[in-house]
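The values are calculated or read from the model by the stated rules, or taken from the named source; none is laboratory data. Everything numeric here is computed off the predicted structure, so don't read it as measured data. As a convention, Cβ positions derive from the backbone with ideal geometry for all residues, glycine included, and neighbour counts pool all protein chains shown.
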Amino acid sequence: MAGLSLSHIVKTHGPTPVLRGLSLDIRDGEFLTLVGPSGCGKSTLLRLIAGLDAPDSGSISIGGRVVDGLRPKERDVAMVFQSYALYPHLSAYDNIATPLRIRRLSVLQRAPLFGPLMPGRRAIEAEIRREVEQTAELLDIAPLMPRKPGQLSGGQRQRVALGRAMVRHPSVFLMDEPLSNLDAKLRVQMRAEITALHRRLRSTFVFVTHDQAEAMTMSDRVAVMMAGELIQLGTPQELYDNPQDLRVAEFIGSPKINVLPLNVLSRAATGASAAECDDVAALAFRPEAASLCAPEAGLATGTITAVENLGSDLFVHCEAPRPDGGAPIPFVVRQAPSSRRVVPGETVGIAADRTRLLRFDARGRRIAERQERAA
Amino acid sequence: MTSRSASAAPHQHIGWLAAAPATVLLALLLIGPVLAVIVFSLTDWQIGASAARFIGLANYHELFADRVFWTAFVNTALYVAIVVPGTVGLGLVVALLIEARPSLRGFYRAAHFLPVMSTMAAMAIVWGSMLHPTIGAVNRLLAEFGIAGPNWLRDARFVLPALAMIGIWQGFGFAMVLFVAGLKAIPQSLYDAAAIDGADGIVDRLRLVTLPLLGPVTMFVLVLTATRAFEVFDTVRVLTQGGPNFASEVLLDRLYTESFDYLRTGYGAALTVVYLAVVVLLTLAQARILDRRVHYA
């Protein structure tokens, strides 16, 4: 068991900065997700924690021990790769046994041909067999042990990769987009299994994904990264309700948050209510905080382009034209399915719950509410 | 049922038609000549002669009773036994070294590949002068270290190893290029996984990742190198003509000598048949053994 502490991590690939002085503390036993669009540096960060790459500057400690300069095997971490990275020529059993064999058997005991004859090898192999079988049992893959990775399905390979990571009980699990190669149904199932595994093992999990749904459903806390920086760290609910940056607001939540740029729409069109503060550049509100109203009565007026009925929810997609003739601004409004039927082509007004209106400045930073500032 | 067979027949015609070009070429260039050689081997025909007599297996009887044939056979086997491991081993080591050092990678690759591109008969002459007992570069270099080099190509003990060295020199660049391609195909994530699992030493990495994943390439290189080594001819012909006292006589040189120096076409054909049989058997055996031990991803 161990927490993780990253301080001022800088990493560049050639002239491109990948991580710009990132600091992050991960609690012991926590399930923390690093989420962000591709190229934001989240996978690089994971490789730095694992010791597969070295940062240009900054320091990493695991469980209070500074691990800078230590090799991956000395860090007590395990990693699950996006491609699973199973050894294709070894059976599932041998794949899972490999980390134990390398750690516990001496060079001579692992030697080809005469290795099996070395004293002590039988006892260690028996011990390894017990632990591998225990792990396989836990992951429900015991019958697959004799098979080679090529004979396993994506989900089964995923479990073998998890087994190889689990078998030596590392204090930190690193997972690099482990679900992205699975089909949609299996992905949802493996989400649940990995969170169950986390509850059971009580180890620290660092999970990298570009899928905000995975981040929201699996994590204790989520770290949103953009362009090599940590933008916001918080529980999934905090990020959803209280994003501190417009990019976070746009990244988290599906369908996407509605954003109303004020510099494009005239003051009159957006209504006096919006301009409570002069540096407000954009208003944002979640689809469930939005509602349809009469044209010209809300924050914006637009045309309905599509209506999505999911049974439990009804999403109305609208487009509001920009006065400057640019691409129209899309809006999504969530309604109860029982509400008034609307059809594409209809002109409607879009209103927002004022208490759930988020205000951002020109640089995309959140502007605190008046009452908060007063307090 | 009748309608089905009626409609199947034209399909069959089209199938044969589509395969015809390849079939004709195969028959003309491969199966035909082999059959012709087998027929020749049962006669006493000499090239240019107007008549030939069918003599059954007499050529084969003579062949298997000939001590020189067996010498050539053993020499060829020894040559293959030195050249194949040497070429594959050296090719692999050089490929690993080239891949480990990114600088000048292209230069080293090209430099090591040059012998493959060169004309062996011409290169053999160069080697002949390098291996000259008194003025050759090799013995002069050895003399610098106080070693009196042997007469490489005239000494029965050294002639075969010397020819094998030339064979390795010529062939390892090809093996190297194939190994470099194979190394590039190994995903980095496997090396990462190995590092996390604790295998970060050079030996462990080789055993856990590199060598197993090079399996298919190695298999290909082995079969190819073995076949090429079996065909050793030009160096022998140019440098030693099988001498001294048949110490470097190999199967193809024997074949050439009998067929074109002595014009005994029938006997040469029998030699060819035996040679072909050995090569085919060896290739089949190799493929069998290796296929079971090679993982194809």
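Some notes on this structure:
- Filtered residues of the range B:125-159 (kept if part of a helix (DSSP H, G or I), surrounded by fewer than 22 Cβ atoms within 10 Å (Cβ to Cβ) and among the hydrophobic types (A, V, I, L, M, F, W, C)): B:Ile125, B:Val126, B:Met130, B:Ala137, B:Val138, B:Leu141, B:Leu142, B:Ala143
- Extreme residue, nearest to the other protein chains (Cβ to nearest Cβ), among residues of the range A:80-103 that are within 28 Å of the chain's Cα centre (by Cα) and among the polar types (S, T, N, Q): A:Ser83
- Residue in the range A:22-36 that is touching a residue at least 60 places away in the same chain (Cβ under 8 Å) and under 30 Å from B:Thr210 (Cα atoms) present: no
- A:Arg110 within 12 Å of chain B (Cβ to nearest Cβ), buried (at least 18 other Cβ atoms within 10 Å of the Cβ), among the charged types (D, E, K, R) and within 26 Å of the chain's Cα centre (by Cα): no
- Qualifying residue in the range A:46-59 (condition: under 19 Å from the mean Cα position of the chain (by Cα), away from chain B (no Cβ under 14 Å) and under 18 Å from A:Val208 (Cα atoms)): no
- Only one of the numbered conditions (1) of a type outside the set (S, T, N, Q); (2) touching a residue at least 40 places away in the same chain (Cβ under 8 Å); (3) surrounded by 12 or more Cβ atoms within 10 Å (Cβ to Cβ) is violated by B:His61, and that is (2).
- Selection count where residues are within 14 Å of chain A (Cβ to nearest Cβ) and in a helix (DSSP H, G or I), scope the range B:242-297: 4
- The single condition among (1) more than 13 Å from chain B (Cβ to nearest Cβ); (2) over 25 Å from the mean Cα position of the chain (by Cα); (3) of a type outside the set (S, T, N, Q) that A:Pro149 does not meet is (1).
- Checking every residue in the range A:115-122 against the condition of being buried (at least 17 other Cβ atoms within 10 Å of the Cβ), more than 29 Å from the chain's Cα centre (by Cα) and either within 13 Å of another protein chain (Cβ to nearest Cβ) or among the hydrophobic types (A, V, I, L, M, F, W, C) (or both) gives zero matches.
- When A:Gln237, A:Gln232 are screened for being in a strand (DSSP E or B), among the polar types (S, T, N, Q) and either at pLDDT 90 or above or in contact with a helix residue (DSSP H, G or I) (Cβ under 6 Å, 6 or more places away or on another chain) (or both), only A:Gln232 passes.
- From the list B:Ala162, B:Ala194, B:Ala95, B:Ala110, the lone residue that is within 14 Å of chain A (Cβ to nearest Cβ) and in a helix (DSSP H, G or I) is B:Ala194.
- Looking across B:Ala175, B:Ala148, B:Ala181, B:Ala121, one residue alone is over 18 Å from B:Phe233 (Cβ atoms), at pLDDT below 90 and away from chain A (no Cβ under 14 Å). It is B:Ala148.
So that you can scan it fast, the table gives a plain yes or no per residue for (1) aromatic (Phe, Trp, Tyr); (2) within 14 Å of another protein chain (Cβ to nearest Cβ); (3) over 30 Å from A:Ser43 (Cα atoms); (4) in a helix (DSSP H, G or I):
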position: B:Asp200; (1), (2), (3), (4): no, yes, no, no
position: B:Asp204; (1), (2), (3), (4): no, yes, no, yes
position: B:Met219; (1), (2), (3), (4): no, yes, yes, yes
position: B:Leu222; (1), (2), (3), (4): no, no, yes, yes
position: B:Thr235; (1), (2), (3), (4): no, no, yes, yes
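- Residues (of a type in the set (D, E, K, R) and either free of Cβ contacts under 8 Å to residues at least 40 places away in the same chain or buried (at least 19 other Cβ atoms within 10 Å of the Cβ) (or both)) located in the range A:347-362: A:Arg359
- Residues that are within 14 Å of chain B (Cβ to nearest Cβ) and in contact (Cβ under 8 Å) with a residue 60 or more places away in the chain, drawn from the range A:60-69: A:Ile62
- Single residue of B:Val238, B:Val232, B:Val274 found to be touching a residue at least 24 places away in the same chain (Cβ under 8 Å) and within 16 Å of the chain's Cα centre (by Cα): B:Val232
- Count - residues of the range B:187-221 that are surrounded by 18 or more Cβ atoms within 10 Å (Cβ to Cβ) and of a type in the set (S, T, N, Q): 2
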